1. What length, rounded to one decimal in nm, is gained on full extension from residue 65 through to residue 126, with 0.36 nm per residue of separation minus their alpha-carbon distance?
2. Which stretch or stretches of the range 74-100 have amide N atoms under 20 Å from the point lying 7 Å from residue 57's Cα along the Cα→Cβ direction?
3. Sequence gap at least 6, Cα distance under 8 Å: using those rules, report the relative contact order of the range 37-149 to the nearest whole percent.
4. What is the extension gain from residue 101 to residue 136, computed as 0.36 nm multiplied by their sequence separation minus the C-alpha to C-alpha distance, in nm to one decimal?
5. For the range 52-96, take the alpha-carbon Rg, divide it by the Kirkwood Rh, and send me Rg/Rh.
6. Quick check on the range 37-149: what does the Kirkwood estimate of hydrodynamic radius come out to from the alpha carbon pairs, in Å?
7. Tell me the label-point distance for the pair residue 87, residue 42, using the 7 Å Cα-to-Cβ offset, in nm and rounded to one decimal.
8. Pairs of Cα atoms under 8 Å, at least six residues apart: use those to get the relative contact order of the range 111-151, whole percent.
């Protein structure tokens with residue numbers, strides 16, 4: 001009797017799978033819409049005095065639009081000596097401003113077991129770093145991990 005229940009249950013479970021696999025095999029893949037991805041040009045950040053860009057990896061930002069959604073990408077490295085929360089720069093002139101605050105965790109010098117800080121861009125385009133203090137100064141910040149929704 002248990003074999004009959006197993007075979008009935010097996011057949012019942014296999015039927016939706018067979019229908020789904022058959023439907024997927026017959027389906028045609030959707031074509032990517034032309035121009036669905038638009039990557040803007042890399043543009044240097046405007047840095048505050050005392051914030052030094054790395055010669056081989058100056059900090060830059062760009063917007064990438066995928067299917068109508070804009071994403072911010074950043075890259076580069078700065079050296080600094082931040083002993084408190086500080087504005088480190090601003091977005092380049094003409095760069096689209098965010099519609100709200102944009103925040104991301106970014107790598108920093110590993111000190112006392114802390115190896116990340118918060119990067120924030122406000123709606124006016126100011127770029128700030130949070131997390132430094134006098135006992136644990138931020139001496140460099142890397143932006144390569146910033147990939148976030150912009151608008």
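1. Here the answer is 19.8 nm.
2. Inside the label zone: 74-82, 88-90.
3. 30
4. Contour length minus Cα-Cα distance gives 10.0 nm.
5. Checking Rg against Rh, the ratio lands at 1.06.
6. Computed over Cα pairs of the range 37-149, the Kirkwood hydrodynamic radius comes out at 14.2 Å.
7. 2.7
8. After rounding, I find 27 percent.
Only the coordinates and a few stated rules stand behind these numbers; no lab work does. Quantities reported herein were computed from a predicted structural model and do not represent experimental measurements. All Cβ positions, even for glycine, are placed from backbone atoms using ideal geometry, and neighbour counts span all protein chains on display.
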